[in-house]
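Q: Dumping the structure here so I can ask a few things about it.
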Amino acid sequence: MKILGKKSLSTVIKIFLWILLTICLIVVILGGIIVIKDFSFFNTSNTLRSLIILYLSSWPAAVLIIQFIGIFRSLENNDVFDKENLKRLRISYVSSIVMGIMYLINSILLFFSSEDENWVIIYMLLTYIITLVFLIFGVGLIVLSEIYKKAIKYKEENDLTI
Amino acid sequence: MAIIVNLDVMLAKRKMSSQELSEKIGITPANLSILKTNKGKAIRFSTLDAICKELDCTPGDILEYRKE
């Protein structure tokens, strides 16, 4: 399956990324309003804390998606090995690790929580998995950005070979 | 870099313009300018060969090593 060009997945990927960004921005806007306006709705401290962390994590998620849209756009323009993309990858791994750390804090706080309901344990396990996914993704992006840095260096050398 | 390209000196000695040399050896004026201004990272043997042929000189006349 082709990713770029005619009869490729590029349109689907672009639409998918824009839908994700729209969802993220809706969460960023509406989530903030809900958390600020209706504190009393969340009867337990766990729910409120988790919701605040979920809300805060939507910010780095939006940043991450914006970077991916930029990277994909440069891929379409055949301008991949660009220092701008390296910057985008760096912002992406920082965002991913920030999200991982946020969920890690949430899962640690849930671990020490006094509530002993089943959903707390299941939610805690889920948060650990999400933490791991984002941290692994962030580390993967660190490795990828270093490979990218070397690729840009080789490209520049090649461009300056007369 | 410790390697200096003395292409402008050789061009002056041969009373040839950069434009003329670039046309004769078949590289773009922009690439020749990169070479002349020491911004290049490497030079192909084929380019060096063409420059030496046109300017009637040796690689040593064009390239110089200066300790940093």
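Q: Of the residues that sit in the stretch A:61-90 and are touching a residue at least 40 places away in the same chain (Cβ under 8 Å) and not aliphatic (A, V, I, L, M), which one is surrounded by the fewest Cβ atoms within 10 Å (Cβ to Cβ)?
A: The residue in question is A:LYS83.
One line per residue, one yes/no per condition, for (1) farther than 13 Å from B:LEU63 by Cα; (2) in contact with an Asp or Glu (Cβ under 7 Å, 6 or more places away or on another chain); (3) more than 10 Å from every other protein chain (Cβ to nearest Cβ); (4) among the basic types (Lys, Arg):
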residue: B:VAL5; (1), (2), (3), (4): no, no, no, no
residue: B:VAL9; (1), (2), (3), (4): no, no, yes, no
residue: B:SER18; (1), (2), (3), (4): yes, no, yes, no
residue: B:ASN31; (1), (2), (3), (4): yes, no, no, no
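Q: Which residues, counting only those in the stretch A:143-162, are in a helix (DSSP H, G or I) and either crowded, with 17+ Cβ neighbours inside 10 Å or within 14 Å of chain B (Cβ to nearest Cβ) (or both)?
A: If the condition is that a residue be in a helix (DSSP H, G or I) and either crowded, with 17+ Cβ neighbours inside 10 Å or within 14 Å of chain B (Cβ to nearest Cβ) (or both), then A:SER145, A:TYR148, A:ILE152, A:LYS153, A:TYR154, A:LYS155, A:GLU156, A:GLU157, A:ASN158, A:ASP159 are the ones that fit.
Q: Also, quick follow-up: Name every residue in the stretch B:14-30 that is surrounded by fewer than 17 Cβ atoms within 10 Å (Cβ to Cβ) and without any contact (Cβ under 8 Å) to a residue 40 or more places away in the chain, in order of residue number.
A: Going through the stretch B:14-30, the residues surrounded by fewer than 17 Cβ atoms within 10 Å (Cβ to Cβ) turn out to be B:14-20, B:23-24, B:26, B:28-30.
Passing the criteria: B:LYS15, B:MET16, B:SER17, B:SER18, B:GLN19, B:GLU20, B:GLU23, B:LYS24, B:GLY26, B:THR28, B:PRO29, B:ALA30.
Q: Only one of (1) surrounded by 17 or more Cβ atoms within 10 Å (Cβ to Cβ); (2) touching a Lys or Arg at 6+ places or on another chain (Cβ under 9 Å); (3) without any contact (Cβ under 8 Å) to a residue 40 or more places away in the chain fails for B:GLY40. Which number is that?
A: (2)
Q: Also: Consider the stretch B:40-62. How many of its residues are within 12 Å of chain A (Cβ to nearest Cβ), within 12 Å of B:LEU7 (Cβ to Cβ) and more than 10 Å from the chain's Cα centre (by Cα)?
A: Adding up the residues that qualify gives 1.
Computed from the coordinates by the stated procedures, all read-outs in this text should not be read as laboratory data. If you're wondering where the values come from, they're calculated on a predicted model, not measured in any experiment. Positions of Cβ are generated from backbone atoms using ideal geometry, with glycine treated the same way; all protein chains shown enter the neighbour counts.
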